[in-house]
1. With N denoting the number of residues in the range 335-385, provide Rg(C-alpha) divided by 2.2 N^0.38 Å, to two decimal places.
2. Report, by chain and number, residues whose modeled amide H sits under 5 Å from the one on L556, excluding near sequence neighbours (fewer than 5 apart, same chain).
3. Using θ = phi - 60° and the Karplus curve 6.51 cos²θ - 1.76 cosθ + 1.60, what whole-Hz ³J(HN,Hα) does each residue of the range 286-299 get, with Gly and Pro shown as x?
4. Can you list residues whose amide H is under 5 Å from A209's amide H, if they're 5+ apart or on another chain and H is modeled 1.01 Å from N?
5. Kindly state, to the nearest 0.05, the FRET efficiency for E199 paired with K232, given R0 = 22 Å and r defined as their beta-carbon distance.
6. Which semi-axes, in whole Å and largest first, does the equivalent ellipsoid of the range 107-242 have when worked out from the alpha carbon gyration tensor as the square roots of 5 times its eigenvalues?
7. Residue by residue through the range 553-559, which ³J(HN,Hα) values in whole Hz follow from phi under the Karplus form 6.51 cos²θ - 1.76 cosθ + 1.60 (θ = phi - 60°), with glycine and proline marked x?
8. Based on the Cβ-Cβ distance from Y133 to V50, what FRET efficiency comes out when R0 is 45 Å, to the nearest 0.05?
Amino acid sequence: QKELKTWIDMGCISRKPRDQARNIIDVRWVLKWKLDAETKDANDSAKEAVKRWVIRARLCLRGFKDLDAKGLESYAGTASRFTQRILVSEAVIRKWDLCTTDISKAFLQGVTYEELAEATGEPLREVNFVLPYYCYEFLKKNPGWEDFDPKTEVIHCVKPGTGCNDAPRCFSMKLSKVTKDLCKMRSCTTDGEICVLHENVNGKLVLKAIMAKHVDDLKLAGERACIISIMKQIETVFGQLKIDWNNFTNCGARHTQDVNTKAVKLDQEEYIKGIKICESSEITKSGSENKAGPELHAQYWSVLGAIAYAVLTRPDIAVFVSALQRFSHAPCIIHCKRLNAVVRWAQRNPKAICYNPLDQSSRPVGSYVDTHLRLISDAAFKREETSGHSMRGACFVRCLGRTDKDMQETRPGHLLEFVSRSQRRVTRATFTSELQGGCDTVDKGFLLLHTLDEMQTGRISAAEALQRREHGGWSVPPVLYLDALSVFASITATFVKTPADNGVLVHCLYLRELLDNDVLHGVAWVDTRDMTADGLTKGAVARDALHELMNGVVTLQHPCKFFRAKHLLKSDGRREPSQTAVS
């Protein structure tokens, strides 16, 4: 009764003669227990929302029976992993509070089909549905539906409801309109689901708030008064919100923020504890090289998918998950045993990604500190008898300071993104793997740099982003870190020579051109023992450096080499030598 009333009150449905209707589909009721939190005023941050267990009845249309389902545009974007982490990083640096909220009945609050057709130029959609016969008794209790006759009428969708393929898209369009027109927030160029609010103070843009959208789940950071103002604007359209401050779970990751220091910890400890391992008599009785049976194969898929989701906050197990995913189509018993070992290890060794204040100064709330972005790249090449696998790993870390000295020493940092996957191109040697891995790391780093720029200087157009991509001018200078001395020597030589693998000459020239044009501030060679990305490409290595990075520190305990183009050193007013070794 409550669900049907909600559909009517939100203007989602109307009555239509059956003989004039096309595209009639049926529905299903989904019943589940849900820990429901009461809505509360955005200003009321001190009092926690009361939560209680309820049975939620959700009316879902069987969208797969929609006659127009195959040709529908149904994309609804969500904030990417690295923009979610950038939001947390900015909150810690600027001493802001974090909060999250979710919009109730989101898929019933999108734009109408008429508004969708007007905005996109697409043909007007028609969707109708029928209820199970026993439901009409409850439907008729609502005003305007007392004489509804299911024999001659159908229920017509004014806007898409839960289960329709285009419901997420319509809600996303409505939310984007609200954040742009009412909240005055602008979406970033690199990720349309991260929105920023700037204020002009004495002719200079100052960042006031950031919002990350994951369909109907919103995560915000900013000045508290500004956040409350944004929430109020959203509430005028979508109704009262359920708001959690400082400690909450968003997009699968638990956020724990210290209310005094504003430090944040991201973890999935409770989720990982609940993952069940593969259990079957095949594991103990069959040989390690035997193929898993259908039942064990299904368990392998399920457990592998569960632990793969945990990689969101556990980069230290990413390389193992990546290796096990190569056998998901036909796992052997040994792969099931290894998967169980990874799950058990993750459960016995809980870890989190920590975002601590980068400096200890008593800065005012909202102020900014200088940082640089470390693009830490590593690769692993292994030649096997029947196949050769080359892994590439990368860490993208925002560290304190922006001088050359800051870039060559141990510094506190925020892990914004990490990569552990196979090389995109075929490689035949370690040199090629390291070089191509470095190029891929730089390319990925440009996305982070664009986003960080928009946090500081406001939204930039695609043309402006391309200009910085070719000629530099980032607000956060990037530095590439490698542990392959041969690659470092090749791209920093006075005259770049053709390497033994002739096909990668252009890759060497590409990195050198970025250095000469100041797109890359510099490149550094670090000792393998200080290579934090080593744990993202190899299983049989220590993960101490990676765990220190997860705790918020990038450690360089051994001498490193740093290169910056000579003509740029002169323009910086620094001494001329291009390479320095710093202990």
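The values are calculated or read from the model by the stated rules, or taken from the named source; none is laboratory data. Given the structure is predicted, the values throughout are model-derived calculations rather than measurements. Cβ coordinates were reconstructed from backbone atoms using ideal geometry, including for glycine residues, and neighbour counts include every protein chain displayed. Just the protein is used for accessible areas: all its heavy atoms, side chains included, with ligands, DNA and RNA removed. Shrake-Rupley method; radii C 1.70, N 1.55, O 1.52, S 1.80 Å.
1. On the way: Rg = 20.2 Å, N = 51, 2.2 N^0.38 = 9.8 Å.
Cα-based Rg divided by the globular estimate yields 2.06.
2. T410, R411
3. Result, ordered by residue: 8, x, 4, 8, 6, 6, 6, x, x, 5, 5, 4, 5, 5 Hz.
4. Close amide H contacts, sequence-distant or interchain: L197.
5. Details: r = 17 Å, r/R0 = 0.77.
Taking R0 as 22 Å, the efficiency between E199 and K232 is 0.80.
6. On the way: eigenvalues 295, 57, 27 Å².
Square roots of five times the eigenvalues give 38, 17, 12 Å.
7. Each residue of the range 553-559 in turn: 9, 9, 9, 10, 9, 10, x Hz.
8. Details: r = 37 Å, r/R0 = 0.83.
For Y133 and V50, the calculated efficiency is 0.75.
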